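What follows is a single structure, written as structure tokens, with notes after it.
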Amino acid sequence: MIFLKLRWSLFFILLVVTTGSFAQNLILPGEEVLFSFETRNGKKLTLNKSKADNNIVYRFGTKDKVEFEFPGKSKSSRKDFKYSFYMRGGGVQNEGMDLNYVYFSNNGFKYVVYETYEAVGNKQEIGVKIINLKTQKTTDIKGDLKTRKGTLTDFRFNKFLEIGDELFE
């Protein structure tokens, strides 16, 4: 009887551990999420920071498969990313807005993770734009606001990334 209970306990522990590791391949041990969301078609985007060396990594995919990771195994990844923003206060009467972008380039494409707010219409959006640098064609993958974790505005104050001046609206 004790052997049977022990066997079921071991089975349950292994089930929890393996299920957790498959679900977490977009976030590795030793990383913390800076910003993440699910897209409208069920994919997930994460910007993670290594707790050990403060490097940053972008991952996109499903809970079972990383479809794209940048910058791979680079040891100085913070230099590969930039943050830019534009803010205009004054509410609706001044068409206030808060635009925030984290971006990087890879193999002829620019990836722009965005978080925007426009006072007119109280409109918020998150997502990632992928810009073909040769043709300037842009693919906009919209995110689900209800799944957002973190905020890009933190980069404005934490001096974690170099501040750039590109805007992507």
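Throughout, read-outs are computed from the coordinates displayed, never taken from laboratory work. A quick note: this is a predicted structure, and the numbers were derived from the prediction, not measured. Cβ coordinates were reconstructed from backbone atoms using ideal geometry, including for glycine residues, and neighbour counts include every protein chain displayed.
For the subset of the stretch 154-169 comprising residues that are in contact with a strand residue (DSSP E or B) (Cβ under 6 Å, 6 or more places away or on another chain) and in a helix (DSSP H, G or I), which member is nearest to residue 103 (Cα to Cα)? Among those that are in contact with a strand residue (DSSP E or B) (Cβ under 6 Å, 6 or more places away or on another chain) and in a helix (DSSP H, G or I), it is 155. Restricting 146, 137 to those that are within 26 Å of residue 92 (Cα to Cα), of a type in the set (Lys, Arg) and loosely packed, with under 15 Cβ neighbours inside 10 Å reduces the list to 146.
What number of residues in the stretch 63-93 are in a loop (DSSP other than H, G, I, E, B), free of Cβ contacts under 8 Å to residues at least 40 places away in the same chain and surrounded by 14 or more Cβ atoms within 10 Å (Cβ to Cβ)?
Filtering the stretch 63-93 down to residues in a loop (DSSP other than H, G, I, E, B) leaves 63-65, 71-76, 81, 89-91.
From what is left, the residues that are free of Cβ contacts under 8 Å to residues at least 40 places away in the same chain are 71-76, 89-91.
Retained after the next criterion (residues that are surrounded by 14 or more Cβ atoms within 10 Å (Cβ to Cβ)): 71.
Adding up the residues that qualify gives 1.
Within the stretch 118-129, residues that are free of Cβ contacts under 8 Å to residues at least 40 places away in the same chain and over 26 Å from residue 60 (Cα atoms) reach partners that are basic (Lys, Arg) and surrounded by 12 or more Cβ atoms within 10 Å (Cβ to Cβ) with beta carbons closer than 9 Å, at six or more positions or on different chains, in the pairs 119/88.
Would you check which residues across the stretch 26-49 are polar (S, T, N, Q) and either surrounded by fewer than 16 Cβ atoms within 10 Å (Cβ to Cβ) or outside any strand (DSSP E or B) (or both) and list them?
Step one: list which residues in the stretch 26-49 are polar (S, T, N, Q), which gives 36, 39, 41, 46, 48.
The one that is polar (S, T, N, Q) and either surrounded by fewer than 16 Cβ atoms within 10 Å (Cβ to Cβ) or outside any strand (DSSP E or B) (or both): 41.
All of (1) part of a strand (DSSP E or B); (2) surrounded by fewer than 16 Cβ atoms within 10 Å (Cβ to Cβ) hold for residue 59 with one exception: (2).
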